[in-house]
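Okay, structure first, notes after.
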Amino acid sequence: MSELIIDRVREFAESLLPGLGLELFDIQFRREGHGWVLRLIIDRPEGVSLDDCSRVSRETGDFLDVEDLIEQQYHLEVSSPGIERPLRSLEECRAHLGKKARFKLRQAIDSERVIIGRIERVEDELITVLSEQQKTYELDWSLISKARLAL
């Protein structure tokens, strides 16, 4: 049932957001400590404002009220990916060239399982990172289990 809800809300969001200059970064519907949460994470290159989140929340809330998709009590949250946003693909890494990122690896390289440094280059399946210790690493995307921007 939650996949149907996610699919319907995704369809709605993907029709709404481009007109507002926004894009859908992620959508989640799951049970958390305080109950069910429907979370829309929106984005745009220059960042997301509180007004953007409020407008998308209002529009999505109205849509959900009319469609009556969700039977149980839930909380609707609309936010941005944040400063330490996940990097989910090589394209997202490429879009953040020159920025500091944290890469968690599936296996150690030079006995390091976590590499933190500036993204220098993205070519083919390789991400070149200059670490905080001024060491250059070439990370194959397949070896990265988690990547995110870092402060």
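Please treat every number below as a calculation from the coordinates, not as lab data. Here the structure is a predicted model, which means the values were calculated and not measured. Here the Cβ is made from the backbone with ideal geometry for all residues, glycine too, and neighbour counts use every protein chain on show.
Please list, by residue number, every one of the trypsin sites (Lys or Arg not before Pro) in the stretch 107-151 that is coil in DSSP and has at most 14 other beta-carbon atoms within 10 Å.
On the way: sites: Arg113, Arg118, Arg121, Lys135, Lys146, Arg148; in loops: Lys135.
Qualifying residues, ordered by number: Lys135.
Only one of the listed values, (i) 55, 30, 25; (ii) 59, 31, 28; (iii) 67, 40, 20, was derived from the coordinates as Cα extents along the principal axes in Å; which label is it?
The value computed from this structure is option (i).
To the nearest 20 debye, what is the magnitude of the charge dipole of the chain about its Cα centre, counting +1 on the Cβ of each Lys and Arg and -1 on the Cβ of each Asp and Glu?
Values: 22 positive and 30 negative charges, 163 e Å.
The calculation lands at about 780 debye.
Per residue of the chain, what 222 nm ellipticity follows from adding -39500 (n - 2.57) for every DSSP H run with n ≥ 4, rounded to the nearest 500? Intermediate values should be presented prior to the final figure.
On the way: 3 runs with 39 residues, N = 151.
Here the helix-only value at 222 nm equals -8000 deg cm²/dmol.
Compute the angle between helix 50-67 and the longest alpha-carbon principal axis of the chain, please, reported from 0 to 90 degrees and rounded to the nearest 10.
Rounded to the nearest ten degrees, it is 50.
With springs only between Cα atoms under 10 Å, which of Arg102, Arg44, Arg88 fluctuates most in a Gaussian network model of the chain?
Arg88
Can you give the FRET efficiency for Asp65 and Arg88, using 1/(1 + (r/R0)^6), R0 = 22 Å, r = Cβ-Cβ distance, to the nearest 0.05?
It comes to 0.10.
Give the angle, between 0 and 90 degrees and rounded to the nearest 10, that separates the Cα long axis of helix 2-16 from the longest principal axis of the Cα atoms of the chain.
90 degrees
Percentage of Cα-Cα pair distances in the stretch 90-149 greater than 19 Å, rounded to whole percent?
In whole percent, the long-distance tail amounts to 13.
Are there any chymotrypsin sites (Phe, Trp or Tyr not before Pro) in the stretch 2-60 that are in a DSSP loop and have at most 14 other Cβ atoms within 10 Å? List them by number.
Of the chymotrypsin sites (Phe, Trp or Tyr not before Pro), not one in the loops of the stretch 2-60 has a Cβ with at most 14 other Cβ atoms within 10 Å.
I need the GluC sites (Glu not before Pro) found in the stretch 106-151, filtered to DSSP loop residues with at most 16 other beta carbons within 10 Å of theirs.
Numbers: sites: Glu112, Glu120, Glu123, Glu125, Glu132, Glu138; in loops: Glu125, Glu132.
Those that pass, being in a loop and sparsely packed, are Glu125, Glu132.
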